[in-house]
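Beneath this line is the structure, given in structure tokens, with notes to follow.
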């Protein structure tokens, strides 16, 4: 078992509180095992990759992993695309939001258009353009406004609200991430 788990994630550092809530089960399990659990944000996927690669060389006692958007469909089997240290939000983090439309409706409140969201039992199969179009149309007329106009403030709050169990059921790569971390904490 590692002394520390570090998740280098793609996205603004402002997402950290949302990821803290989303990964609370994993953080608690790590705490119980006296394992430090850190989330480290990077503006872009390229910055996250660079920070992750540096961590692999400089902090060998930590189990460092990379969590990034795929920006498109994963064309091959996940095993062929990455090691046990690279995990994907397919096609983008906002796919996870589609797994819990009730949390989105709760957050946005009046005039949220839940029917504008693309429905798929596997949210990783929803193309990026449909994820963006659906979330934009669903949130556009709400008092809080369009998600993409307020991404840095809405994103962390939505990550904190969505149910990780629903996301794990609807996003196989998210489930794979949870299982890998839980395995390292046994």
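A few notes on this one:
- Filter pass, residue 162 being buried (at least 18 other Cβ atoms within 10 Å of the Cβ), in contact (Cβ under 8 Å) with a residue 12 or more places away in the chain and closer than 19 Å to residue 6 by Cβ: no
- Filter result for the condition that a residue is out of contact with any helix residue (DSSP H, G or I) (no Cβ under 8 Å at 6 or more places or on another chain), at pLDDT below 95, within 24 Å of residue 183 (Cα to Cα) and surrounded by fewer than 17 Cβ atoms within 10 Å (Cβ to Cβ), over 75, 60: 60
- Verdict on residue 118 being within 20 Å of the chain's Cα centre (by Cα), surrounded by 13 or more Cβ atoms within 10 Å (Cβ to Cβ) and modelled with pLDDT under 95: yes
- Filtered residues of the stretch 1-16 (kept if assigned to a strand (DSSP E or B) and in contact with a helix residue (DSSP H, G or I) (Cβ under 8 Å, 6 or more places away or on another chain)): 5, 6, 7, 8, 9, 10, 11
- With respect to the conditions (1) in contact with a helix residue (DSSP H, G or I) (Cβ under 8 Å, 6 or more places away or on another chain); (2) outside any loop (DSSP other than H, G, I, E, B), residue 180 falls short on a single one, namely (1).
The values are calculated or read from the model by the stated rules, or taken from the named source; none is laboratory data. Quantities reported herein were computed from a predicted structural model and do not represent experimental measurements. Cβ: placed from backbone, ideal geometry, glycine included. Neighbour counts: every protein chain shown.
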